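Down below is the structure, laid out as structure tokens.
Throughout, read-outs are computed from the coordinates displayed, never taken from laboratory work. Because the structure is predicted, anything quoted here is derived from the model rather than measured. Don't worry about glycine lacking a Cβ; one is built from the backbone with ideal geometry, like all the others, and counts go over all protein chains shown.
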Amino acid sequence: MYLLEGTYNISDTTKVPSDVSIIGQGAGAVMFVINSSPLTTGVISNADDIGGNSRILIKNLRIDGNKDNNTNNNQCGIYFRNVNESLIANFWIENTKAQSIRFYGQVGHACDNNIISENMISKNTVGSLGYANILLQNFLRGIVSKNIFTADSPNTYGISLVSAKNITVAGNYIAPAHGSGIGQQSSSDNIIVGNKVVVSDAYNVAFNSRCVVAGNNLENEATTGTAIIDNQGPLNSVISDSIIQSSFEGIRLISKRHNISGNIDVISGNSHGIYLSAAGANTSKCNLISSNYIYKSSGVGTTYGVYIWLTSASNNYLVGNLIGGAFTAYIQDNGTSTFYTDKLKITLQKGEYTGLENGGTLTPSGPASYLRLNPASNITLGNPAIADGKTGGDILILENTSDTYTIMINDNNNVQLHINPLTLDKNDTLTLIWDGNDWIETGYSNN
């Protein structure tokens, strides 16, 4: 079927059987939904919504849903049910009450091997909250690429994958006025690559299990939104994404065994760079966080470049991240058995420790291994003198920088010294290693 330029008034669904194409002459070929239309699904749908159809081509025309003069929130642009091996391309879809494009595969009859490419999608309402301009349910082995989304309703996804697997979402421009960019629920093995996503509410990209999120350019102005969020699935890679985040976390991890590498994460507002969190029975652990650039340009509040929230967040590996700017601390590590290593070199960044008290316990803050102590009076530390280390093999170097006062450390509960007590005068240093039970002295310098 070939549609010449002109307006075609639509009162009900145009049903397309297998091996049939609808091709228009361009944006001037308009399928226009009439006022108060009884239409309840798509302007265009497949003919057999039970057994399904295949090899349908819809291309090069425009759908105008006339949303201001219709009330049915189920009026989609294109609604395909149980459809395989089909293509939707070079389309303009605007002013719909529901999804612009929806694929729905019933249980046992997934929508398989479909492509949605190079469409212009704008000014749609998507009446049901949490729905999407492109909604793909039970959708396998497909491509969604080079589409442009603009100006949508609140709480709406640009693209939503639900029970979707082996999907490539690539090269899309998504700039909804409100809502999330690319969402995933109960989905796995998908590739989200090279998309530009700008949102002002909720998150930019979510992932489930065994997904790759790479090379995306993400801007988030939401007050409670996260740029990239882990939707409680393991074994994902988040690589080489550029994140501009104004109010909330750049990357939030909830589950385990992720590779977070090579991202640029620029933060402002009351937000963390990378946040290892938890939800329900899931805690973020066993993650590789490597070679990320994390910077906070401005903002207030207690924020961290990398924030490991809970003690149950264990066995995370942080290496080679460059963190700077206005964070409260570059790393806040409340986890267990966090590893800080590098193949070629270990640089011990000094930390200034304040708050020493007579009879108190020295508690190393953050991951710092080299602490400069500046007591305000002569100090004798208590029992324990030093709080337990986090991981066997942790190194701790203590230096007394005071010109006047001394620090006395007793060989007691969890500290093993060559002399009892050991006193640090000005510029004296003590080097210790945590063996899992005790801080063992490995070096002492009386300067």
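Could you state the number of Å between the C-alpha centres of the range 186-263 and the range 350-384? Computed from Cα coordinates, the inter-centre distance equals 38 Å. For Ser284, the residues 5 or more places off, or on other chains, whose built amide H falls under 5 Å of its own are Ser277. Quick one: of Lys390/Lys426; Lys15/Lys59; Lys97/Lys123; Lys67/Lys123; Lys146/Lys196; Lys59/Lys146, which pairs are farther than 19 Å apart, Cα to Cα? Pairs exceeding the cut-off: Lys390/Lys426.
Along its first, second and third principal axes, ordered by size, the range 306-364 spans 39, 26, 25 Å in Cα coordinates. Just report the Cα centroid separation between the range 36-55 and the range 404-440, whole Å. A separation of 77 Å, based on Cα centres. Taking other C-beta atoms within 10 Å as the exposure proxy, His109, His272 rank His109, His272 from fewest upward. The charge dipole of the range 2-340, taken about its Cα centre with unit charges on the Cβ of Lys, Arg, Asp and Glu (plus for the first two, minus for the last two), comes to roughly 420 debye.
Listed values for the range 390-399 are Karplus-derived 3J(HN,Hα) couplings in whole Hz (6.51 cos²θ - 1.76 cosθ + 1.60, θ = phi - 60°), namely 8, 9, x, x, 4, 9, 9, 10, 10, 10, and x replaces Gly and Pro.
Only Cα sites of the chain enter the Debye sum here, all with the same form factor; the resulting log10 I(q)/I(0) across q = 0.09, 0.10 1/Å is -0.65, -0.74, listed in q order. Backbone phi angles across the range 408-416, fed through the Karplus curve with coefficients 6.51, -1.76 and 1.60 (θ = phi - 60°), yield HN-Hα couplings of 9, 10, 8, 6, 9, 2, 10, 10, 10 Hz in residue order; Gly and Pro are listed as x.
With neighbours defined as other Cβ atoms within 10 Å of a residue's Cβ, the residues Thr363, Thr13, Thr336 order from fewest to most as Thr363, Thr336, Thr13.
Converting phi to 3J(HN,Hα) with the Karplus coefficients 6.51, -1.76 and 1.60 and the offset θ = phi - 60°, the range 369-386 yields 9, 10, 10, 9, 9, 9, x, 8, 7, 5, 10, 10, 5, x, 10, x, 6, 10 Hz in sequence order, with x at every glycine or proline. About the centre of its Cα atoms, the range 41-84 shows a dipole size close to 180 debye [charges on the beta carbon of Lys, Arg (+1) and Asp, Glu (-1) only; nearest 20 debye]. Sorted ascending by nearby beta carbons within 10 Å, beginning with the fewest, Met408, Met31, Met120 become Met408, Met120, Met31.
Given charges of +1 on the Cβ of Lys and Arg and -1 on the Cβ of Asp and Glu, with all other atoms neutral, how large is the dipole of the range 1-131 about its Cα centre, in debye to the nearest 20?
Numbers: 9 positive and 11 negative charges, 40 e Å.
My answer is approximately 200 debye.
Beta bridges from DSSP with both residues in the chain: antiparallel share about 10 percent, rounded to the nearest 5. Counting every C-alpha pair in the range 350-445, the share spaced more than 20 angstrom apart comes to 25%.
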